[in-house]
1. Which one, TYR224, LEU259, MET50, is farthest towards the positive end of the dipole of the chain when Lys and Arg carry +1 and Asp and Glu -1 on their Cβ?
2. Choose one of MET275, ILE164, PHE128: the residue whose Cα lies farthest towards the positive end of the charge dipole of the chain (beta-carbon charges +1 Lys, Arg; -1 Asp, Glu; about the Cα centre).
3. Could you give the size of the charge dipole of the chain about its Cα centre, using +1 on the Cβ of each K and R and -1 on the Cβ of each D and E, expressed in debye and rounded to the nearest 20?
4. Below 17 Å, Cα to Cα, which aspartates and glutamates can LYS166 reach? Residues fewer than 8 away in the same chain don't count.
5. In whole percent, and with a 1.4 Å probe on the protein chains, what portion of the accessible area of the chain is carbon and sulfur?
6. For the ranges 214-225, 317-328, 238-249, what's the packing order if you count other beta-carbon atoms within 10 Å of each residue, average per peptide, and put the highest first?
7. Residue farthest toward the positive end of the dipole of the chain, with Cβ of Lys/Arg at +1 and Asp/Glu at -1: which of THR202, LEU115, MET350?
8. Sorted by mean Cβ packing within 10 Å, highest first, what order do the peptides 55-65, 73-83 take?
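The values are calculated or read from the model by the stated rules, or taken from the named source; none is laboratory data. Bear in mind that the values here come from a model prediction, so they are computed numbers and not experimental data. Quick reminder, even Gly has a Cβ in these numbers, built from the backbone with ideal geometry, and neighbours come from all protein chains shown. Ligands, DNA and RNA are stripped out before the accessible areas are found, and what is left, the full protein with its side chains, is counted by its heavy atoms. Shrake-Rupley method; radii C 1.70, N 1.55, O 1.52, S 1.80 Å.
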Amino acid sequence: MMKRKAALVTVLLLAAGLTGCTVENIFSTEKSISMEVPDLLEPVDVKLDMAVAQKEDIYQLSIYSGEVVPYTEELHFTVDGYLESVNVIMGDMVQEGDVLAVLSEEQVAEQIENLEKEIDNLLTMGEFSDRQASLDLEIAREELQMMHEQGQFGYTGWAKELEIQKLELAQAEAQELRGLELQKKQETLRKLQEKIGKNEITAPFSGRIVYIADMKKGDGIQGYTPVIYIADDSRLSLSAEYISESSLNGADRICAKILDKEVDISLVPYDTNEMVKAALAGEEMQAQFSIDTQEPWILAGQYAVVMVYQSYKENVLTIPINALYRDGSGQYVYRQVDGARVRCDVKTDMTTDTKAEVIEGLEEGDMVYVQD
């Protein structure tokens, strides 16, 4: 700045020599020139447009990618066993009650037969053991009775009484152990018998087979392990990238845009066990939504945009966010007043990526300048 002043003075001094101006006149001229330089409101390269302050709705909007999916159910055997057959292939349309896969019952039937024989043998041998123990006890008691009758009780009699107690205790213990073993075998038999008739997977509803595990005849199959998935295209839902339940609890509205049409949707909360299972398996978490209305134009496989509206305010005064400026004194805008651009201090409340709610400083219909 000092260099610019010195240069200006030099030029004026040279001019004075040519025109006869005094030094005092020169400095007053320099002062006059500096006062006439206008302050720039904005950098000269900023293009401005016009917008009107108007009343409209304002909200925070979050969007997520999603897809319309059919209702899908995982199917499994309820018992362990060896695969006998799979009666469907991927993409097959099936009817409710159709048999989709079968486990062999041959091994179970053989196990049942063997166990029934073991139980019969246990009962037979137990009956024989009980008769033998009862006979031994009867002989010992008769011998003790004879000792009493002959007056030979003494030490020999006491020994015989101890022998009888041991025989009684051994018989009771053998019966108890045999009873426990019998109970265990009978429980195993009951569980095997329950498997009979449960060796099939049947379709719980009419639908389409969308997944079959890699398995072949003779493979060992563990009960309750999903092996087939069936989809019902008449019951549609929406799957989207994961959105935490807590972030949706305060939402004013949750909807989806499908084919440029909006439909309301509702979150289907994750079961805690399902979340833990998915996390341990390393599966990617997905948010699941039910579609509140089933329209014929909504089809499985369609792309959807999930829209979450929060902090929704209706009919408030707004301006474009890029009409708003800020400096050390606060927020302000440039209004158009009689064709001129005038700074106007404002106060705002809610702001979004595109709008700002004005609560003081502007009125509906005011024209403001907007940065391009």
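1. Value computed over the given set: MET50.
2. MET275
3. 2140 debye
4. ASP130, ASP136, GLU138, GLU142, GLU143, GLU176
5. 51 percent
6. Put in order of decreasing packing, that is 317-328, 238-249, 214-225.
7. MET350
8. The most tightly packed comes first, giving 73-83, 55-65.
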